[in-house]
Amino acid sequence: MKITRIKDFIMDHNREVQDRLFVLTMSIGITALTLIMIIGMFLGESITDILAMAIGLLISIVLAVISIKTGKIQVGATIVALMIVFLLLPVTFLTSGAVNGGTPMWFIFCALFIGLILKGKNRLVCLFCEMVSAAVCYYVAYYHPEFVTEHSRKLAFLDSFSALILVSILVSSLAGFEIVIYRRESERAKLQKKEIDDLSQAQNQFFSSMSHEIRTPINTIIGLNEMILREDISEEVAEDARSIQSASKLLLHLINDILDMSKAEAGKMDVNYLAYNTGDMLSEIVDMLWLRAREKGLTFHVEVDPALPVSLIGDEIKIKEVLINLLTNAVKYTKQGDVTLSIQSEKISDTRVKVIYSVIDTGVGIKKENLPYIFSAFKRVDEENNRYIEGTGLGLSISQKYVQMMGGQLRVNSIYRQGSTFIMELEQEINSEELIGKVDVEARHAMNRQRHYKQSFEAPRAHILVVDDSKANLMVTEKLLRDTKVQLDTVSSGEEALKKTLDTEYDLILMDHLMPEMDGIETLRRIRKQMGGRCKESKVVALTANAGAESRELYKKEGFDGYLEKPVTGQELEAEIIHQLPREKITKIENSSGMEQPLLETDHRRKKSAILITTDSVCDLPRELVSENDLDILPYHVQTDRGIFLDEIETDSRGLILHIRESYENVKSESPSVEEYEAFFSRVLTRTNHIVHIAMASKVSNGYDNALEAAKSFGNVDVIDSGHLSSGMGLIVLAACRMAAKNMNASDLVDEIRRLSAKVHTSFIVDDTNYLARAGRISAKVATLANTFLLRPVLVLNKSKMSVGKVLFGAREKSWRRYIASSLESWGSIDKRRVFVTYVALSKEDQDFIREEILKRVGFEEVIFQKASPAISINCGPQTFGVLYMEK
C-alpha cells in the first residue's frame, strides 16, 4: 500500500477512529519492528529472537493488508493483538533477557494498542489475555530462569533504551493523532452546527415571512367578511359569511401550527402566563368549530363544570391552540355521531386549580399499535384509511409540546372504530374566586341568533392615523372603524406618516411593521425625535402580521404602546382603541361585543372523580362494601357444557356446586377478554379521569394480561397485579379505595398498592381435592390418593403464584384448627380491624367453629364471612375456606 494511500486512509474522517488508528499503529509498528530487528542484529540478539520478530513482522503485514482490503479491520486487529499477546511478546520476553530487556515496555504498548483500537468484548478479552500472558511470562522467568536467554549488562541497557525510544515515539504518535482527530472533528462539528443553525434560521425566516404574507390577505378576508355580517342581510348570506369566518380562522390556525413547530424545534418557544377569561376563551374556540361540525351533520356538545373559575392565569394562546387542534381532529375524523368538549375543575389549593379538558368523539378511533406514534410530527397514522382526510400531521405534535411546556399532561384513549378521547390536564393559578356557574343554553342561543353588530364606542373628536403599505389593510381598518365616528387618516409609508405627524396631532397611531424603505420601528423612532413634530407623545400601537410572543416583546422593547396581530377583528380593534384613547375623547361606550357567541353548556351530570378503583368479580367482597366504595366490577366467566355465564350475575356458588356434584360435568372459569376490558374501561372513564384496575394474581389467571393489553388503548388506565385472589385481592381493593378517597395522585397510589401486596396473607384449605383435579391444578390420581388418606392441602399465594404450602392430615375439624393456627402466625403485626373468611358451602355450625378458633388467637374487630364467587368456587369445591387478612 502506497504511503499516500495510507495517509489518505488515516485522514479520512468518514472512517471510524479505531480503523484509522489501526492503520496508523500498524504502519508505525511495522516500521518500528523492522528497526528493532536491524538494531538487534547489530547488538547480537539471539537468532530465535530475530526469527520470531521476522515471522511476526511478516504476519502483521499480511494481516494488515487483508484487513484493510476486506474492510474487516476489527477482525484483523483482534488477530494481530492475539498474535502479539500469545506469540511475539512471550518469545521476545524469554529470548531477550526477560525483565532485563525491553520487552516489558512492549507489554505496556500492547495494552495501549488493544485499548485504543479494539471495541466491545474483543477489547476486554484481549486485555485479559495480555494480563494472563504477562503473568505467565513473569512466572516462568522467576521460577524457571533456565528458560530465559540472558542479556549481557550492556545489551540489556541498549535493548531497554531502544524499546523506550520506540515505544515513546509510538505513544506520542498515537496521542498526537488523537489530538489531531479531536481538533478536526471539533471543527467539523462546529461547522455542521453553524450550517444547521443557518438552515434553522433560514427555515424560521421562511416560515415567519410566509406567515406574514398569508396573514395580510386573511386580514382582508376576515375584515370584509365581518363588514358583511354587520349589514342587514338574509339568514342564508349570514350563514355563508359565518362559514367564511370559521374557515379563515382555521386557515390561520394551520399557519400558526407550522410557525410554532418551527419555533419549538429551534427552542424559541416560551410560555406566557397571563390572566384570561375562561368563558371568553371557550366561546372563541367553539365559535370556530361548531359550524364545521354542523356541516358534517355532527352534534357538538360543550360541557363546562360550574365550579370552573371565571378567570385563571395561564398561557391562553397555547391552551386555545391545543383545544382547537384536538377539536379540529375530532371533527375531521368523525363521520357521524358526536364531538364533545368537556371541561372539569379540581381545586388543588386556595390559589391553584387543575383543569381537565377532554375532547371526545365517536369517530374512526386509533389502532392500538399506532398509539405510540400519535404525537410524532408529520406522522399520520393509519394512512390507508385516512388518506382522503386533509391535514399536515403537525397538530398533535405541537399540542404535546405545548402541554409539556405548561407542565401538564396530554393523553389519549382510543378504541379502533369506536372513537377517541384526548385529555389535557393543566394546573393553573386562580385569578378570580368567581365561578362560571350555570349557563342557560337555549336562551343564550336564541339571543345569539338575533344579535346584530353594535359599535362598542363613539369618539368623533378622536384623531387616529393608520400606517400600512397594503391598500387592502387600510381599507379594512377604515371600514371596521366606520361606525365609531373617529377621524381617521391613512397613509401607505413611513415617509408619508412623518409628513402627517409634522402637521397633525394624533391621539393614536396604528403602525404596520414591515414596510418598504422605512419600516414601522424606524418610523416610530423618527416620530419620537421629529423636530417640530406634533406626535412625540402620541400613543402608537403595532398593527402587524408578525405573530408570536417574541414579536410582542420586540414591539414593547422598541417603545410601542400596544400590539395587535393581523388578522384583527372589529372587536379586538375597538377594544385596543378604547384602551389607548384619552377617556375624554370617548363620548359613548356600549356594552356590546358585536360578536355572535357560541353555545356553552354547563355539565349538569355527576362530576367526574379524579380516580376510580376497578377490579374483577373474583375479589369476593360483600355487596355493601362494593356499593359503599363505588366500585366498578367486571365479571369473570363460568363455562359449562350448557353455555357461558357471567360470574355472580348469571350464576351463584351454591347452585353451581350442586350442579357439578350431580352432573359431574367439567366447569371452568375464564377471565374477560381484551375487548371486554376495553369496553369496561371505556364505560368507567365516562365517570372518572383515571382508572386504577386491580387484577387477580397474574400467574393464576390471564385476567391481568388481558387487562394490561386493553389498557394500551387508554392513556389514563393503570393495571396492577394484586398478587392475590378472592378476598385477599379484595383487601387490597378496599385499601386502594380509601387512598383514592384522600385524593392521592395516581402514580403514588399505584406505588402504594404494590407495596401493600406484600402485606396481604391469602391461603385456603381444600377439603375435596377432586375439584382441584378438575381445574387442572393436580392430577386425578393425586386427588384420589389425597381423599383416601384424608389429606387436605393448604394453598398459599406468594408473589402471584399459587402453590401448596403444606398438607394437613386427619379429621376435618382437627385439620381446620391447625390451619387457622398456622395461617395466623404472621411475622408482622396483624391489622386487627378486619379478617375475611372466604368459603364455599360451609354450614352455620362450621362458620361458628371457624369464628371461635380465629378469635381465640387474634382479637379481630370484625370477622367477615364471605361466599366465594362461582369462578373461585369451582376450582376448590365445598367445605373449602380461607383466612385472609392484612398486616399493619
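The values are calculated or read from the model by the stated rules, or taken from the named source; none is laboratory data. Remember, it's a predicted structure, so these values are computed and weren't measured experimentally. We place every Cβ from the backbone using ideal geometry, glycine too, and count neighbours over all the protein chains shown. Ligands, DNA and RNA are excluded from the accessible area calculation, which covers all protein heavy atoms including side chains. Shrake-Rupley method; radii C 1.70, N 1.55, O 1.52, S 1.80 Å.
Table: residues versus (1) crowded, with 24+ Cβ neighbours inside 10 Å; (2) part of a loop (DSSP other than H, G, I, E, B); (3) acidic (Asp, Glu).
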position: 822; (1), (2), (3): no, no, no
position: 825; (1), (2), (3): no, yes, yes
position: 838; (1), (2), (3): yes, no, no
position: 842; (1), (2), (3): no, yes, no
position: 846; (1), (2), (3): no, no, yes
position: 851; (1), (2), (3): no, no, no
position: 872; (1), (2), (3): yes, no, no
position: 876; (1), (2), (3): yes, yes, no
position: 883; (1), (2), (3): yes, no, no
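Just to check your reading of the model, which residue among 359, 339, 355, 286 is among the β-branched types (Val, Ile, Thr) and modelled with pLDDT under 90? Don't jump to the end; show me each part of the working.
Values: 359 fails: modelled with pLDDT under 90; 339 fails: modelled with pLDDT under 90; 355 fails: modelled with pLDDT under 90.
Answer to the selection: 286.
In segment 800-820, how many are of a type in the set (Phe, Trp, Tyr) and either closer than 22 Å to residue 866 by Cα or open to solvent by less than 30 Å² (accessible area, probe 1.4 Å) (or both)? Before you say what the answer is, go through the steps one by one.
Just the residues of segment 800-820 that are of a type in the set (Phe, Trp, Tyr), to begin with: 809, 816, 819.
Keeping just the survivors that are either closer than 22 Å to residue 866 by Cα or open to solvent by less than 30 Å² (accessible area, probe 1.4 Å) (or both) gives 816, 819.
Residues flagged as of a type in the set (Phe, Trp, Tyr) and either closer than 22 Å to residue 866 by Cα or open to solvent by less than 30 Å² (accessible area, probe 1.4 Å) (or both) within segment 800-820 amount to 2.
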Give the residue, chosen from 271, 339, 322, that is under 30 Å from residue 195 (Cα atoms) and among the β-branched types (Val, Ile, Thr). 271
Contact list, first residue from segment 400-422 and outside any helix (DSSP H, G or I), second anywhere and open to solvent by 70 Å² or more (accessible area, probe 1.4 Å), beta-carbon distance below 9 Å, six or more apart or interchain, is 406/273; 406/427; 407/427; 408/427; 410/404; 415/675
Any residue in segment 488-516 that is farther than 12 Å from residue 464 by Cβ sitting within a Cβ distance under 6 Å of a residue that is of a type in the set (Val, Ile, Thr) and surrounded by fewer than 22 Cβ atoms within 10 Å (Cβ to Cβ)? List the pairs, counting only those 6 or more apart or interchain. 497/491
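Scan segment 799-841 for residues that are aromatic (Phe, Trp, Tyr) and closer than 19 Å to residue 620 by Cβ and report the count.
The total comes to 3.
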Identity of the residue in segment 587-612, at pLDDT 55 or above and open to solvent by 20 Å² or more (accessible area, probe 1.4 Å), that ends up farthest from residue 747 (Cα to Cα): 587
Identify, by number, the condition in (1) more than 46 Å from the chain's Cα centre (by Cα); (2) open to solvent by 80 Å² or more (accessible area, probe 1.4 Å); (3) modelled with pLDDT under 80 that residue 139 doesn't meet. (3)
Residue within segment 493-500 that is within 28 Å of residue 454 (Cβ to Cβ), of a type in the set (Lys, Arg) and open to solvent by 30 Å² or more (accessible area, probe 1.4 Å) present: no
Could you tell me whether any residue of segment 430-443 is assigned to a strand (DSSP E or B), modelled with pLDDT of 50 or more and surrounded by fewer than 19 Cβ atoms within 10 Å (Cβ to Cβ)? yes
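Let's see how each residue does on (1) modelled with pLDDT of 75 or more; (2) touching a Cys at 6+ places or on another chain (Cβ under 9 Å); (3) over 18 Å from residue 565 (Cβ atoms):
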{"site": "190", "(1), (2), (3)": "yes, no, yes"}
{"site": "195", "(1), (2), (3)": "yes, no, yes"}
{"site": "207", "(1), (2), (3)": "no, no, no"}
{"site": "215", "(1), (2), (3)": "no, no, no"}
{"site": "223", "(1), (2), (3)": "yes, no, no"}
{"site": "232", "(1), (2), (3)": "yes, no, yes"}
{"site": "239", "(1), (2), (3)": "no, no, yes"}
{"site": "278", "(1), (2), (3)": "yes, no, yes"}
Taking segment 289-334 and keeping only residues that are open to solvent by 10 Å² or more (accessible area, probe 1.4 Å), of a type in the set (A, V, I, L, M, F, W, C) and either touching a Lys or Arg at 6+ places or on another chain (Cβ under 7 Å) or at pLDDT 85 or above (or both), one is left with 298, 300, 307, 310, 313
Cβ contacts < 9 Å: first residue more than 14 Å from residue 88 (Cα to Cα), restricted to segment 126-140; second residue modelled with pLDDT under 90 and surrounded by fewer than 15 Cβ atoms within 10 Å (Cβ to Cβ), any location; separation 6+ or different chain. Result? 127/115; 138/99; 140/147
